[in-house]
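Chemist: Shown below is the structure under consideration.
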Amino acid sequence: MQQLLHRGAALMQHREEASDTSWDDLKLFLACAKYKSFRNAAEELGLTSTTLMRRIDRLEESIDCKLFLRDQSGLTLSDEGAAMIADVAHMERHAFNVFRRASRSSNETAGTVRVAVTEGPGNFWILPRLIDFQKTYRKITVDLRCAMEQADVARLESDIAIQLEPPTNPDLIVAKLGRLHIYPFVSKEYETLYGVPATLAELNNHRIIKQSAPQVDDSAYARVLGLKSLAGIVGIKTNSSVGILYAVERGAGIGFLPTVSIALGAPLVAVDLGVSHHADLWLTYHKEFRASERHKIVVDWLKKIFDPKTHPCFRDEFIHPNALVPMMTAAREGFGLTGYIAATPT
């Protein structure tokens with residue numbers, strides 16, 4: 001009888017401890033499962049590794065099971081952790097939906113809409129047009145976040161995202177906006193001083209400016225150029241699309257840029273090596289925002305300004321940069337884009 005009472009007390013104590021488990025700790029569990037490393041997860045969360053490990057220890061103690069197998073290679077979900085992660089992710093999705101519903105009103109056109117986009121299209125295409133959008137929709141604040149890191153719309157990191165890979169989450173609405181055609185360019189000054197390569201074999205006498213960033217296929221450079229390695233020909237590496245354009249304009253070497261760059265007035269020279277690359281732009285947002293008037297307005301506006309029928313630089317078929325210039329004259333008018341793109345210091 002005494003043993004039964006002790007067993008019942010222990011069970012009751014365990015239930016009380018489990019009920020005190022913090023939702024914040026469960027979110028940390030999801031982050032550790034995603035990044036498979038305390039250090040990487042801690043960096044993403046803005047915590048120290050020690051704090052994160054202590055919080056996971058507390059969570060494991062409160063639910064009385066080990067969630068991770070820990071070794072030098074990182075973190076692996078235990079059987080108990082693997083069984084639990086789907087439930088916690090389900091809880092998270094419902095929590096995010098609560099906040100989405102609270103942040104929208106189907107009949108309200110006022111408020112903030114957060115848009116995440118890769119750096120180049122965000123700075124050089126969306127932002128100039130956003131000025132006119134704001135004049136029309138004075139009560140809508142567009143919070144434009146330009147970065148090469150992909151925002152997770154499902155996790156409320158942004159309301160709307162424009163990214164280079166289509167998401168697979170069934171809760172998200174996905175639409176293709178258009179295609180970025182990537183082509184090699186140099187500055188006019190560089191062409192005058194060093195000439196431009198006429199063949200891939202002549203690249204060894206030049207320097208490439210290479211972008212290394214999330215959402216950029218790091219192997220694409222060598223693959224497109226038909227090279228096993230870029231060793232010896234990369235002069236500058238940067239994670240910034242703006243940095244690539246700046247370096248090319250200043251004569252640092254050959255950079256691979258969207259063809260829209262020259263069509264909008266950047267003083268660049270296309271390098272005809274017989275190679276090009278492309279990346280599709282995907283617009284995505286959560287289906288909960290279909291009932292939000294201000295989100296619908298922004299989505300429709302984004303589709304309009306990237307419409308390949310109006311703006312041929314976003315068509316699926318490749319158009320040589322030089323041929324784009326007369327086709328894109330109307331797109332430049334009213335935006336001051338030549339000065340905006342080419343405003344590099346002397």
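The values are calculated or read from the model by the stated rules, or taken from the named source; none is laboratory data. Predicted model, so just to flag it, every value in this text is computed and none were measured. Please note: Cβ atoms are built from the backbone with ideal geometry, for glycine as well, and neighbour counts cover all protein chains shown. The area values use the complete protein model at the heavy-atom level, side chains included, leaving out ligands, DNA and RNA. Shrake-Rupley method; radii C 1.70, N 1.55, O 1.52, S 1.80 Å.
Chemist: Can you report the number of residues in region 138-149 which are in contact (Cβ under 8 Å) with a residue 40 or more places away in the chain, open to solvent by less than 90 Å² (accessible area, probe 1.4 Å) and over 11 Å from VAL113 (Cα atoms)?
Modeler: 1
Chemist: Quick check on this structure: which one of ALA222, ALA252, ALA213 is over 27 Å from VAL115 (Cβ atoms), touching a Ser or Thr at 6+ places or on another chain (Cβ under 8 Å) and not in a strand (DSSP E or B)? Let's see the steps before the verdict.
Modeler: Working: ALA252 fails: touching a Ser or Thr at 6+ places or on another chain (Cβ under 8 Å); ALA213 fails: over 27 Å from VAL115 (Cβ atoms).
Of the residues listed, the single one that is over 27 Å from VAL115 (Cβ atoms), touching a Ser or Thr at 6+ places or on another chain (Cβ under 8 Å) and not in a strand (DSSP E or B) is ALA222.
Chemist: Taking ALA198 as the residue in question, decide whether it is over 20 Å from LEU281 (Cα atoms), in contact with an Asp or Glu (Cβ under 9 Å, 6 or more places away or on another chain) and modelled with pLDDT under 95.
Modeler: Against the criterion (over 20 Å from LEU281 (Cα atoms), in contact with an Asp or Glu (Cβ under 9 Å, 6 or more places away or on another chain) and modelled with pLDDT under 95), ALA198 qualifies.
Chemist: For the list (1) of a type outside the set (D, E, K, R); (2) over 17 Å from ALA116 (Cα atoms); (3) open to solvent by less than 40 Å² (accessible area, probe 1.4 Å); (4) in contact with a Leu (Cβ under 8 Å, 6 or more places away or on another chain), I need the number of the one condition that LEU227 fails.
Modeler: Of everything listed in (1) of a type outside the set (D, E, K, R); (2) over 17 Å from ALA116 (Cα atoms); (3) open to solvent by less than 40 Å² (accessible area, probe 1.4 Å); (4) in contact with a Leu (Cβ under 8 Å, 6 or more places away or on another chain), LEU227 misses just condition (3).
Chemist: Turning to a different aspect of this structure: Under the condition of being loosely packed, with under 15 Cβ neighbours inside 10 Å and at pLDDT below 95, which residue from region 282-306 is farthest from GLN163 (Cα to Cα)? Even if it seems obvious, please write down each step before you answer.
Modeler: The first filter runs over region 282-306 and keeps only residues loosely packed, with under 15 Cβ neighbours inside 10 Å, leaving 287, 290-291, 300, 303-304.
Narrowing the set further to residues that are at pLDDT below 95 leaves 287, 290-291.
Working: LYS287: 17, ARG290: 19, ALA291: 23 Å.
Filtering region 282-306 for residues that are loosely packed, with under 15 Cβ neighbours inside 10 Å and at pLDDT below 95, the one farthest from GLN163 (Cα to Cα) comes out as ALA291.
Chemist: Of all the residues that make up region 12-45, how many are among the polar types (S, T, N, Q) and either in contact with a Ser or Thr (Cβ under 6 Å, 6 or more places away or on another chain) or at pLDDT 85 or above (or both)?
Modeler: Of region 12-45, the ones among the polar types (S, T, N, Q) are 13, 19, 21-22, 37, 40.
When the remaining residues are screened for being either in contact with a Ser or Thr (Cβ under 6 Å, 6 or more places away or on another chain) or at pLDDT 85 or above (or both), the result is 21, 37, 40.
Looking only at that region, the number is 3.
Chemist: Tally time: how many residues in region 226-242 are out of contact with any strand residue (DSSP E or B) (no Cβ under 8 Å at 6 or more places or on another chain) and assigned to a helix (DSSP H, G or I)? Explain how you work it out, then say what you get.
Modeler: The initial filter retains those residues of region 226-242 that are out of contact with any strand residue (DSSP E or B) (no Cβ under 8 Å at 6 or more places or on another chain), namely 226-229, 231-232, 242.
In the following step, the residues that additionally are assigned to a helix (DSSP H, G or I) were identified as 242.
Of the residues in region 226-242, 1 are out of contact with any strand residue (DSSP E or B) (no Cβ under 8 Å at 6 or more places or on another chain) and assigned to a helix (DSSP H, G or I).
Chemist: I need a count of the residues in region 56-78 that are open to solvent by 60 Å² or more (accessible area, probe 1.4 Å) and touching a Leu at 6+ places or on another chain (Cβ under 6 Å). Walk me through it before giving the result.
Modeler: Taking region 56-78 as the starting set, the residues that turn out to be open to solvent by 60 Å² or more (accessible area, probe 1.4 Å) are 57-58, 61, 64, 66, 69-73, 76.
In the following step, the residues that additionally are touching a Leu at 6+ places or on another chain (Cβ under 6 Å) were identified as 76.
Final tally of qualifying residues: 1.
Chemist: Which condition number in (1) open to solvent by less than 20 Å² (accessible area, probe 1.4 Å); (2) modelled with pLDDT of 95 or more is the one that GLU317 fails?
Modeler: (1) is the only condition that GLU317 fails.
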